[in-house]
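Structure record follows, encoded as structure tokens.
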Amino acid sequence: MGKLILGLVIGLIAGAALIFFFFVSVPTSAQPPGRPIQPPDATVAPGSAQIVLRQEFFNEVLTTIFRDLNAPAFPLSGQPNAACDDTLKVLSEGSGAATAVRFENNRISAPLAFSGNYNSAIGCFPFSGWALGYLDLRYDAAAKSVFGQINVETVNLDGVNPILSGLITPLIQTTLNNRVNPIQILQGSQISVNAPIASAGGTLAANVEDVRAEVKDNALSLHVIYAFNGAPR
């Protein structure tokens, strides 16, 4: 029961953090933190725990955001005015695409429907379309934290003049990449254990030593490898 409760709590923290940070402005970093997370070894490491986060969980969170809250929005060039808000809004669906999190081919993908207005030097231009991004997972050993680094690879605009598209497309791509990276998914303090055991006369500590990950069967599995030690009182 204890392992089940721990897994549920960690899953909620990780899932909520991924969706939350994906849609809010966070400090950006030119250098992605840590190193790419590797797949798990063929042999399960002693003292490891597995956290399974299913695709449906993330998409239920997205459904709730779009149903109960405002559409997530990001400023574009930083030059809004009363006539043109110069903002990119992420939509639940549009342009033949639905905003979602997908686990497939051992990757995490995120199609994003959007619309907005671009305040250019020659006027305000409305636009709509969808983008496709991929999330790479990284582990920072110093911070003992799991981060996500999203990379929007393609941007598809609806019926925009090719000249204007050449201006708006990279702006949308850069805005999405810069506004959300890096995404802190798990902090070491959230999944470390420091538990007094009165009957044994001391404290049991389990510190995160490494994290591995794999995507399969519509689920993300995080394999957390711990180093255990005990400290007597």
Quiz prompt | Candidates Ser115, Ser120, Ser145, filtered to the one that is at pLDDT below 90 and over 17 Å from the mean Cα position of the chain (by Cα) | solution = Ser120
Exercise. Select from the range 30-46 the residues that are at pLDDT below 85, open to solvent by 50 Å² or more (accessible area, probe 1.4 Å) and within 25 Å of Leu220 (Cα to Cα) and write down the one among them that is nearest to the chain's Cα centre (by Cα).
Key: Gln31
Quiz item: Is it the case that the range 166-184 has a residue that's over 30 Å from Ala83 (Cα atoms), open to solvent by 30 Å² or more (accessible area, probe 1.4 Å), modelled with pLDDT of 85 or more and assigned to a helix (DSSP H, G or I)?
Solution: no
Quiz prompt | the range 185-228, residues that are under 23 Å from Glu56 (Cβ atoms), open to solvent by less than 40 Å² (accessible area, probe 1.4 Å) and within 17 Å of the chain's Cα centre (by Cα) | solution = Ile185, Leu186, Val211, Ala213, Val215, Ala219, Leu220, Ser221, Leu222
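The values are calculated or read from the model by the stated rules, or taken from the named source; none is laboratory data. These numbers were taken from a predicted model, which means no experiment stands behind them. Please note: Cβ atoms are built from the backbone with ideal geometry, for glycine as well, and neighbour counts cover all protein chains shown. Protein only, heavy atoms only, side chains kept; ligands, DNA and RNA dropped before computing areas. Shrake-Rupley method; radii C 1.70, N 1.55, O 1.52, S 1.80 Å.
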